[in-house]
Amino acid sequence: MAEKILMKGNEALAEAAVAAGCRYFFGYPITPQNEVPEYMSKRLPELKGTFVQAESEVAAINMVYGAASAGVRCMTSSSSPGISLKQEGISYMVGSQLPCVVVNMMRGGPGLGTIQPSQGDYFQATKGGGHGDYKLLVLAPSSIQEMVNLTMEAFDLAEKYRNPVMILGDGMLGQMMEPVIIEPKEPALYDKSWATTGTEGKRKPNVVNSLFIQAEECEKHNINLQEKFLQMEQNEVRYETLYEDAEYFLVGYGTTARIMRTVVNMARAQGLSVGLIRPITLFPFPHVAFDRVASHAKGFLVVEMSAGQMVEDVRLAVNGRQPVAFHGRTGGMAPEPKHILAELIKLMGEVK
Amino acid sequence: MFDHRVTVFVGPYGSGKTELSLNVVQFLAPQYHQIAIVDLDIVKPYFRAREFRTKLIHRDIRVILPQGELQHADMPSVSAEVFTVFHNPDLKVIMDVGGDDAGAVALGQYKAQFEKIDHEVLFVINTRRPFSQTADHLIEMKERIEWRSRLPITALVANTNLGAETTKETILEGYAVAQEVSKRTGLPIAFVAIDRRLHQDVKHIIKEPLFLVDRQMLPPWERNIEE
Amino acid sequence: MIRVTIFEDVCKGCGLCTTACPKKILVMGNHMNSKGYHPVTIIDQNLCISCAMCARMCPDCAIKVEK
Amino acid sequence: MAIVFERPKSLTNVTTHYCPGCTHGIIHRLIAEVMDELDIAGKTIGIAPVGCSVFAYNYFNCDMVQAAHGRAPAVATGLKRALPDQVIFSYQGDGDLASIGTAEIVHAAHRGENITVIFVNNAIYGMTGGQMAPTSLLEQKTTTSPYGRQEAQTGKPIRMSEMLATLDSTALISRVSVHNAANVLKAKKMIKQAFIAQQKGLGFSMVEVLSTCPTNWGLSPIEALKWLEGNMIPYYPLKDFKVPEEVK
């Protein structure tokens, strides 16, 4: 499929997973990500892969746990309420050091919420989400082509760190259509000697496990995990900055960043010195993007489809050097360019 | 074009039925005293015709969709009002149906009504969509839709596009596949839908009627620039 | 002739084997093994018919049977 | 001298953590004997549950995966789908399978997953200290039913084999016991048939094994065997609910 085709975000993401070598998908229906399992249910049998509609999100992530134990590339996808149910399994996968890709096409919450797009799961995605001290590598695309590229990369990253990688999108990215190119590529080869595939009498048994009897052993395990998270912070930070020499920066990810590009153009057309910082990895968070503009920036406006979650990480990154303002919409509402621009102008007035 | 009382758009998922329905109903509105668009999409949760309700009502277009809060709900709800369109001989109707056979199944319940009225069922083709690139794929889907909807398809619509990135070549390549489907199924191509901006590029090449489309199904950041 | 071998340090002294022995030649010992259990002992190897019922009831594979 | 009986090779040479007289040890050994006899240890992946048998991964001489509480059948599904030619079994207790994991076991069975489940029913939660299980008998005293299990509060004990046997997709469902040597032999035969059923691709197989918990029942190991026979078997009859002809 090397020619450009028009795809919905959810379909493109599914095809990208296939192109990255994923042949095992386990999921459960929930709007607005149903096109992912639907697409996989059509596509994987063509490739002698396996699609299973699990009885619940809980079962789906545990099927992923099983398939990942066998060392194969596997994935599950869901939307906010379903991701909450997967947290147990995700924590087990981190604890057992199993790679997989988990997709969250966020919708409005809390509870059953709405089916419209939201970014209310930032904390859950970036601060662990389930029990225990852990992090997922969290990738936040803001276009369908970027979702394709990051999904393909996610499988490599998951195997590189033996850790689940989350694609954090939202309903808008899942549902909108854009032309994309998806080029299949050979999966990078990582060591899979840990996989439980049967000893065939040739090696000692492997055990996939996250249980430790001795607290000392469990701490040692945790220190190793933290070392991996530190390596992610050193190696995997990704972000995009527009107009790095600007005085004021809009900060946002995913769909919100898409909206803010419009605002940056509107603001610059009025002669305002405005740029954009768009984190692509949410964990590891791109602190460096803020350090790079620290000497000349005058203020930041964080916009999210939430009551304010990533803004906390931005404040940590800015560390009091400049004011950080926030504008958010919740419950499935998208921020509007004119409102963002008004907030930006308000911030500029307060700084001067 | 559109000389039957009821025009029904069916086709593979994402082939552009809603965009066409919105464009067609607004194009026809000035010519008809009474016109309605029926949103029968039980499949997709976003980008449904119902999101354009206010704009359409403003142009004296009756919009038939699930009542009240249900129009935003995550469930396959169709309005009881749909039945009324069959009984009003003066009403011009455009029906936007959900994608694939899964969406077309919503038509099945109206089989008896359709048999009594003058209608056309148009199969929308976009060959730049997954599972829609070849005549084989498209013919298989056509048959599945006819089986699930219990309605014979009467004509094809060539609607190949890549959204904002559509070129003359995109259109012509899809047009060629549509012609092959037409030849193999015996169904005529009712019209070729093209982005208005590309009208000059293709108008001399395509022999079938052209219908000019202005993209309306836009993500929020593009919508806001224009408004 | 040794028909029943009891690995005393594996035995947890549960006594399930004693219920299975048709010849009633297994009894709980009075001494302690390295784990602190009273392991089972056999009173007369010659009466053993090598039926291995004792071993089948042993949860700890503490018994080997030969004939 | 010929060896009549010795430790199977598919068991590691490790002393288990189980209490003296706990019949988990017998059930582990039976699975290992079957793995030896079918010569499948090299292609078997076992799944350890949460519960007393959580450390099963230390005792079997094959690849093992430890699963979250109740999720073993889902994990088994993922493994089997990825490795259709390997033998996958889960080992689950009554809290794991009949309480927190009911959705997973019912749907693995309903999909007819080609896996083998060894379900150890000892009518109590062992690991957490003797709480009531869904399989605890009426009037049975546990740390969470201190006055004895009462039907009005907690319903009647759940019979998983009977339930799962109603599903058309299940291939082999049987309830066995290990309270005496004759039944141990029968249990082994059924476990073997369940693994053969999987190897023949017949679908979902589950052997429910009635087992003891001397410690939490407050009985000596020998008294526990008698309690099982006298109290559990009348409520949980030993029966082959479904056994395919191909494995008999």
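The values are calculated or read from the model by the stated rules, or taken from the named source; none is laboratory data. Bear in mind the structure is a predicted one, so any value in this text is a computation, not a measurement. Reconstructed Cβ throughout: ideal geometry from the backbone, glycine too, with neighbour counts over all protein chains shown.
Does A:Leu282 qualify as being under 23 Å from A:Leu347 (Cα atoms) and either more than 13 Å from every other protein chain (Cβ to nearest Cβ) or at pLDDT below 95 (or both)?
It is false that A:Leu282 is under 23 Å from A:Leu347 (Cα atoms) and either more than 13 Å from every other protein chain (Cβ to nearest Cβ) or at pLDDT below 95 (or both).
Pairs only if they're at least six apart or on different chains, beta carbon under 9 angstrom, first in segment D:35-54 and within 7 Å of chain A (Cβ to nearest Cβ) and closer than 10 Å to A:Thr199 by Cα, second assigned to a helix (DSSP H, G or I) and among the basic types (Lys, Arg); list them, first residue then second.
D:Ile45/D:Lys80
If you scan segment B:137-190, which residues turn out to be under 21 Å from B:Leu40 (Cβ atoms) and among the basic types (Lys, Arg)?
Hits for segment B:137-190 are B:Lys142, B:Arg144, B:Arg148, B:Arg150.
B:Glu222 passes all but one of (1) over 20 Å from the mean Cα position of the chain (by Cα); (2) part of a helix (DSSP H, G or I); (3) away from chain A (no Cβ under 14 Å); which number fails?
Only one criterion in (1) over 20 Å from the mean Cα position of the chain (by Cα); (2) part of a helix (DSSP H, G or I); (3) away from chain A (no Cβ under 14 Å) is unmet by B:Glu222, namely (3).
Kindly indicate the residue of segment A:302-318 that is in contact (Cβ under 8 Å) with a residue 24 or more places away in the chain and part of a loop (DSSP other than H, G, I, E, B) and also surrounded by the fewest Cβ atoms within 10 Å (Cβ to Cβ) among those meeting that condition.
A:Ala307
Kindly indicate whether A:Asn265 is in the same structural domain as A:Asp245 (by TED's automatic domain parsing) and on the phi > 0 side of the Ramachandran plot.
Here the answer is no, as A:Asn265 does not meet what is asked.
Say we look at segment B:159-177 and pick out the residues that are under 15 Å from A:Val180 (Cα atoms) and among the hydrophobic types (A, V, I, L, M, F, W, C); which of these is nearest to the other protein chains (Cβ to nearest Cβ)?
Within segment B:159-177, the match that is nearest to the other protein chains (Cβ to nearest Cβ) is B:Leu162.
Have a look at D:Thr166, D:Thr142 and point out the one that is over 14 Å from the mean Cα position of the chain (by Cα), among the polar types (S, T, N, Q) and closer than 30 Å to D:Pro84 by Cβ.
D:Thr166
Mind checking which residues of segment A:151-197 are of a type in the set (Gly, Ala, Ser) and buried (at least 24 other Cβ atoms within 10 Å of the Cβ)?
Hits for segment A:151-197 are A:Ala154, A:Ala158, A:Gly169, A:Gly171, A:Gly174.
Just need a number here: residues in segment B:33-62 that are under 27 Å from A:Met333 (Cβ atoms) and either part of a helix (DSSP H, G or I) or of a type in the set (Val, Ile, Thr) (or both).
Of the residues in that region, 14 qualify.
Would you pick out the residues in segment D:206-229 that are within 13 Å of another protein chain (Cβ to nearest Cβ), more than 19 Å from D:Asp240 (Cα to Cα) and not small (Gly, Ala, Ser)?
Within segment D:206-229, D:Thr212, D:Cys213, D:Pro214, D:Thr215, D:Leu219, D:Pro221, D:Ile222, D:Glu223, D:Leu225, D:Lys226 meet the criteria.
Yes or no, residue by residue, for (1) within 30 Å of A:Met105 (Cα to Cα); (2) in contact with a Cys (Cβ under 6 Å, 6 or more places away or on another chain); (3) not aliphatic (A, V, I, L, M):
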| position | (1), (2), (3) |
| --- | --- |
| A:Phe212 | no, yes, yes |
| A:Glu216 | no, no, yes |
| A:Leu230 | yes, no, no |
| A:Glu247 | no, no, yes |
| A:Tyr253 | yes, no, yes |
| A:Thr256 | yes, no, yes |
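What do you reckon, is A:Ala54 more than 18 Å from B:Phe131 (Cβ to Cβ) and touching a His at 6+ places or on another chain (Cβ under 9 Å)?
When the stated conditions are applied, A:Ala54 passes them.
Within segment D:3-114, considering only strands (runs of 3 or more DSSP E) that don't extend past its boundaries, which have at least 2 residues that are polar (S, T, N, Q) and in contact with a Gly (Cβ under 8 Å, 6 or more places away or on another chain)?
D:87-93
Which helices (runs of 4 or more DSSP H) does segment A:171-269 wholly contain that include 1 or more residues that are free of Cβ contacts under 8 Å to residues at least 12 places away in the same chain and closer than 18 Å to A:Leu157 by Cβ?
Correct list: A:215-235.
Filter segment D:20-53 for residues that are of a type in the set (Gly, Ala, Ser) and either under 20 Å from D:Leu228 (Cα atoms) or at pLDDT below 95 (or both) and give the result.
Listed by number, the residues that qualify are D:Gly21, D:Gly25, D:Gly51, D:Ser53.
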